[in-house]
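The values are calculated or read from the model by the stated rules, or taken from the named source; none is laboratory data. If you're wondering where the values come from, they're calculated on a predicted model, not measured in any experiment. So basically every Cβ, Gly included, is an ideal-geometry build from the backbone, and we count neighbours across all protein chains shown. Heads up: the accessible areas ignore ligands, DNA and RNA and are worked out on the full protein's heavy atoms, side chains in. Shrake-Rupley method; radii C 1.70, N 1.55, O 1.52, S 1.80 Å.
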Amino acid sequence: MWEQVQETVNFIKAQTANFSPEYGVILGSGLGSFTDDIQIEFTLPYTAIRNFPVSTVQGHKGALVFGTIGGKKVVAMQGRFHFYEGYDMKQVTFPVRVMKYLGVTKLVVSNASGGVNPNYEVGTIVIIKDHINMMPEHPLRGKNDERFGPRFVNMSEPYSKAMMVKAKEVAKHLQIDVQDGVYMGLQGPTFETLAEYRMVKNSGADCVGMSTVPEVIVARHMEMEVFGLSVITDMGDAENIEEVNHAEVLKAAQKAEPHVRQLIKELIVRY
């Protein structure tokens, strides 16, 4: 893994004139247009990057975009990789390790999720304050390479409290309504059953999705500061469940996208 990461980092540096971003951004389903806010300097399709997986999900374009936002250097992933696509967790989180060695110290992750908190509705933007990992494989399973980070990772603050405070200040300034909540990560690719939604709620989570958690674990393994946002694209509770498909998820995420873009952009500028 170490050699692969270094090979990919060196390849990307050679293609981007040693561009060294401070912020990494991972864009979830329906949220890829955030790159329109970046003053783009370089774009590398995943298919052109050594050792990179390729995103196979509709709504995930599949490119690394390098540029600046308000003078801050940024690299954004247009599309992420999921365990349910058939990749193992080391492949899913490989780009996060590459970002770290390109220079990234702060990671912003976004996703689309199903809500179980009755205070949410479709389109609600949720600041992720914590997560519950219910994925069937752990990204740190196996022999640990101390060059990346410690064997046992402190997860007392997986999402940066300071970034959350700043994001709420930004949201208030922009008059964007936000909630906060706990995100549960499940394998997918099926949407949750009514009983599974009930389990999610009873476990103490507010929303549920199929991504984000592995990337955050690996980011914390390497002591990156993390901020997470989730867009609620469907709702389920103990008694009712909305019939949903991926096209509707994308539509709901895209409707909320302008506010998500504003929030992430201003957070990067101000933090």
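Computed with a 1.4 Å probe on the full set of protein chains, the accessible area for GLU121 sits at about 120 Å².
Computed from backbone phi with θ = phi - 60° and the Karplus coefficients 6.51, -1.76 and 1.60, the 3J(HN,Hα) list for the stretch 40-49 is 6, 10, 8, 10, 10, x, 4, 5, 9, 9 Hz; x is used for glycine and proline.
Among rounded, prolate and oblate, which fits the stretch 28-164 when a ≥ b ≥ c are the square roots of the eigenvalues of its C-alpha gyration tensor, a/c under 1.5 means rounded, and a/b larger than b/c means prolate? Please report the intermediate quantities before stating the final value.
Working: a/c = 1.29, a/b = 1.03, b/c = 1.25.
Note, shape of the stretch 28-164 comes out rounded.
Taking every alpha-carbon pair under 8 Å whose residues sit at least 6 apart, the chain reaches a relative contact order of 26 percent. Once backbone amide H atoms are built at 1.01 Å from N, ALA112 has SER29, VAL231 as its partners under 5 Å, excluding neighbours fewer than 5 places away on the same chain. Heavy-atom accessible area, probed at 1.4 angstrom with all protein chains present, ranks PHE227, PHE191 as PHE191, PHE227, highest first. For chymotrypsin sites (Phe, Trp or Tyr not before Pro), the sites in the stretch 72-172 that DSSP calls loop and that have at most 14 other Cβ atoms within 10 Å are PHE152. Per residue, the chain exposes an accessible area of 43 Å² to a 1.4 Å probe, with every protein chain left in place.
Applied to the stretch 81-98, the Karplus parametrisation 6.51 cos²θ - 1.76 cosθ + 1.60 on θ = phi - 60° returns per-residue 3J(HN,Hα) values of 10, 10, 4, 5, 6, x, 6, 7, 5, 5, 6, 4, 9, 3, x, 5, 5, 5 Hz, with x for Gly and Pro.
The listed residues GLU157, GLU85, once ranked by accessible area (1.4 Å probe) with the largest placed first, stand as GLU157, GLU85. Quick check: at a probe of 1.4 Å, how many percent of the accessible area of the chain sits on carbon and sulfur atoms? That fraction is 47 percent. When the charge dipole of the stretch 61-210 is built from unit charges on Cβ atoms (+1 for Lys and Arg, -1 for Asp and Glu) and taken about the Cα centre, the candidate among MET184, MET163, ALA112 whose Cα reaches farthest toward its positive end is MET163.
For PHE19, no residue has an amide H sitting under 5 Å from its own, ignoring neighbours fewer than 5 places away on the same chain, with H placed 1.01 Å from N.
How would you rank 64-71, 14-21, highest first, on the average number of other Cβ atoms within 10 Å across their residues? Walk me through the numbers before you get to the answer.
On the way: 64-71: 18.2, 14-21: 14.5.
Final packing ranking: 64-71, 14-21.
Of ARG97, ARG270, ARG141, ARG261, the residue with the largest accessible area leads and the full order is ARG141, ARG270, ARG261, ARG97 (1.4 Å probe). Cross-link pairs exceeding 19 Å in C-alpha to C-alpha distance, out of LYS172/LYS265; LYS168/LYS251; LYS129/LYS172; LYS166/LYS265; LYS168/LYS201; LYS129/LYS161, comprise LYS168/LYS251; LYS168/LYS201.
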